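The values are calculated or read from the model by the stated rules, or taken from the named source; none is laboratory data. Note that the structure is a prediction, hence the values are computed from the model and not measured. Cβ atoms come from the backbone with ideal geometry, glycine included; neighbour counts cover every protein chain shown.
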């Protein structure tokens, strides 16, 4: 992966942010990004085979903030007939 969450990103990609993890480089910016994804895949479904584990910076929390943004830092527009978004977080004990 070249030391970064995303090696190749374009205008059709989006990013999933999470406030729990340590910052990662995306281009020249350090952000709390879990993964990049194609904003509108043909099937409407993203299934990932590889699970990425990132350092967690908070030892205690009640809420987890997840944001999905397009590469232009705008939120994607979801329609009523779009597939619901489900984000699954795995925590691994140390």
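Exactly one residue out of 36, 59 is modelled with pLDDT of 80 or more and part of a strand (DSSP E or B): that is 36.
Applying the set (1) over 11 Å from the mean Cα position of the chain (by Cα); (2) modelled with pLDDT under 80 to residue 53 leaves exactly one unmet item: (2). The residue pairs whose first member lies in region 54-65 and is over 10 Å from residue 18 (Cβ atoms), whose second member is loosely packed, with under 11 Cβ neighbours inside 10 Å and modelled with pLDDT of 90 or more, and whose beta carbons are closer than 9 Å, counting only pairs six or more residues apart or on different chains, are 55/22; 57/22.
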